Structure formats: C-alpha cells, structure tokens
Ligand SMILES: NC(=O)c1ccc[n+]([C@@H]2O[C@H](COP(=O)([O-])OP(=O)(O)OC[C@H]3O[C@@H](n4cnc5c(N)ncnc54)[C@H](OP(=O)(O)O)[C@@H]3O)[C@@H](O)[C@H]2O)c1
C-alpha cells in the first residue's frame, strides 16, 4: 500500500500522540504548537503549501469547556475561524481535511444515541464554537472527514500536559482529595488509541462526510470514575452529585451518547465497549 503524505496538527496532544503512533508507516509530518499555530493563517498556509500533504489532520482545539464561556472569542478564534482558514488552505491544496468535533454540539434531550443526521443544538460556547467549525469545514471543503467524538482518554493525557479524566481521578485519589463526580450526564468514554486506528481506516477511503466515532456503551461520569477504581481493585471515595450542585460554569448535555451509524455503514472495524478500552488503558499504564 502506498504511503500517504500527512500533516498532523497538534501531534503531541492526547489524540495527536496516538495518531502519530498509529500512522507511523505513512509519510507523516508532525506539527507542534506553538511553533505551528492554526490561528496564524499566513504561516499555516506557507507551511502546508511547502509540505503539499494528501491529508491534513487537525486535532488542535480550545476545549477547556468552562473557560470557553468567558473566553468565547478565543474559543471561536481556534475552533471556528482558524478552522475556516485551514479548510480554505486544504481546498486550495486539494488536500483532504480531517477535523474533530464533539458530542457537546447536542443539547442532550434525545432519548436514544445521536446519529449524524440529528440536528445539533449546543448548550455552551465551546459547543457553539465547535459547531461553527464544523459548518465552515462543510461549507468550504469537498474532501473532508468530520469526526465527532466524546470523553477522550489517551496515554499522552497521563504525561502531565493536561490530564484526561482518568488521570484526574487518579491524581485526586492519590492526593487524598475528595472526589465529587456528576451522575446525571451520560457519555461514552473513548480511547484515543482506538479512535486513531479507526481514523487510519477511514482516511484510506473516499467516503467523505460526517462521522460519529466513540467506544460502545454508555455511562455517567460517576460510573466511569467508579469503573476506574473497580478495575484497579481499590475503592475510590467518590460522591455522586448532580450537575446543579456540581455547579460548572458551562451547561453540558444530560445525554450525549453518539451512535457510530456512518462508520458502521461503511464497514469500519467496531469499537470495543468503553469498559474494555478503559481496562486496556490501565494495563498500558502499568496500573493493572
Ligand atoms: N478531550 C476530549 O474529551 C474530547 C471530547 C470530544 C471531542 N474532542 C475533540 O478532539 C480533538 C482532540 O482533543 P485532544 O483531547 O487530543 O486535545 P489536546 O490533548 O489538547 O490536543 C490538542 C493539540 O493541539 C495543540 N494546539 C492547541 N492550540 C493550537 C493552535 N492554535 N494551533 C496548533 N495547535 C494547537 C495542543 O498544544 P498544547 O497542548 O501545547 O496547547 C495539543 O498538542 C479536539 O478537536 C477536541 O475538541 C475532545
């Protein structure tokens, strides 16, 4: 199989690190922030024009959900306007754009997992900025893969840059700090390693469009936290709270489980159940 020429933006992020490993046999150029910054369009165009990639993968985002409520301009700058520029560059270079979005584009009022055709209705500035990014990609590019995912955990999230949920739970438990975790928001925790593997399959096709890609099953954040300590075989002192008493700044959907309808229709390999993926993560971390 011929090697694809890929530019990977945010190559040392959580998902970026797993993509870098998974796509190691391709002709991949990793791009790192802040040397490469998608909010600087002239430099972004110049670097990508020099590389002439077949595929540009953008994992960059401003995704501190609560901070986005106050820093709404920054959220739109990174998650929407920079993505529009990136889409234009990809169109001009005839490159395929891979861009990631989020379950937080939905309002959580559905009684079944969301499919790609369901109308989005974000509740937060983060969700709105990511949805704007989606719209720009779809408006500008013909060759794009837009992938919505949920609750990512990847090994790079344990390296101290920014902890993922699993590492946050472990850190608080280690420090003897009380854990209060919401029990009224349903999600599907998703392994970056599995997502990277499915993406490697997807970009080998020309079935452009919008895809939901998460592990299988669903849980609340409290159930996810509980599963971590169950698998580790040690009790975690976790208190289940509701979103109102947790008091986060940004509103989050009560139910943002995604159905991988299009990925399944395309015949991509199935994702494992989230608990299996978590077990695998803890094994690779050397914790079980
Ligand atoms: N994390 C989740 O639970 C989750 C859930 C649903 C969807 N998503 C989406 O999935 C994607 C990947 O998330 P992730 O968890 O892998 O994020 P991440 O770990 O924060 O990785 C993002 C990478 O992009 C870099 N970056 C930040 N701003 C940039 C800029 N202006 N220009 C170029 N690079 C920049 C970051 O560098 P620094 O680390 O140095 O800032 C980091 O290397 C994002 O689109 C996110 O919205 C994530």
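No value in this document is a laboratory result; all are computed from the given coordinates. What you see is a predicted model, and the numbers here were worked out from it, not measured in a lab. Cβ sites come from the backbone with ideal geometry, for glycine too, and all protein chains shown count toward neighbours.
Taking 7 Å steps out from each Cα toward its Cβ at residue 110 and residue 230 produces label points 2.5 nm apart. Classification of the stretch 212-255 by its C-alpha gyration tensor yields an oblate form. The axis ratio a/c (a ≥ b ≥ c) is 1.5 or more, and b/c is at least a/b. For q = 0.11 Å⁻¹, what log10 I(q)/I(0) does the chain give under the Debye formula with an equal point scatterer on each alpha carbon and no solvent? Taking Cα atoms of the chain as identical point scatterers yields -0.62.
Helix 165-174 and the longest principal axis of the C-alpha atoms of the chain enclose an angle of approximately 40°. What percent does the relative contact order of the stretch 26-86 come to when contacts are Cα pairs within less than 8 Å and at least six residues apart? For the stretch 26-86, the relative contact order is 42 percent.
Here the label points at residue 25 and residue 265, each 7 Å from Cα along the C-beta direction, are separated by 2.9 nm in the simple model.
Peptides 4-10, 195-201, ordered by how many other C-beta atoms sit within 10 Å of their residues on average, highest first, read 4-10, 195-201. Taking other Cβ atoms within 10 Å as a rough exposure proxy, 12, 242 sort from fewest to most as 242, 12.
Each peptide in 171-181, 208-218 receives the mean, over its residues, of other Cβ atoms within 10 Å, and ordering these scores from highest gives 208-218, 171-181.
Helix 41-51 and the longest principal axis of the Cα set of the chain meet at an angle near 70°. With a Förster radius of 25 Å applied to the C-beta separation of residue 168 and residue 273, the computed FRET efficiency comes to 0.70. Its DSSP H runs of at least 4 residues, each contributing -39,500 (n - 2.57), put the calculated 222 nm mean residue ellipticity of the chain at -11500 deg cm²/dmol, to the nearest 500.
Within the listed set 168, 205, 22, the residue fluctuating most in the Gaussian network model of the chain (springs between alpha-carbon atoms under 10 angstrom) is 205. Paramagnetic label reach from residue 118 (point 7 Å along Cα→Cβ; backbone nitrogen cut-off under 19 Å): within the stretch 159-196, residues 183-191. Once the chain from residue 3 to residue 143 is taken as fully extended at 0.36 nm per residue, the excess over their C-alpha distance is 48.5 nm. Note on residue 288 and residue 206: the extension gain reaches 25.5 nm, defined as 0.36 nm multiplied by sequence separation minus the Cα-Cα distance.
Quick one: helix 221-232 against the long Cα principal axis of the chain, what's the angle to the nearest 10°, folded into 0 to 90? Approximately 80 degrees, to the nearest 10.
Please work out the FRET efficiency for the pair residue 12 and residue 88, using the Cβ-Cβ distance as r and a Förster radius of 25 Å; give the result to the nearest 0.05. Could you put the intermediate results ahead of the total?
Values: r = 25 Å, r/R0 = 1.02.
The formula returns an efficiency of 0.45 here.
When all alpha carbon pairs of the stretch 1-89 are counted in 10 Å bins from zero, the resulting P(r) reads 17, 47, 29, 7, 1 %.
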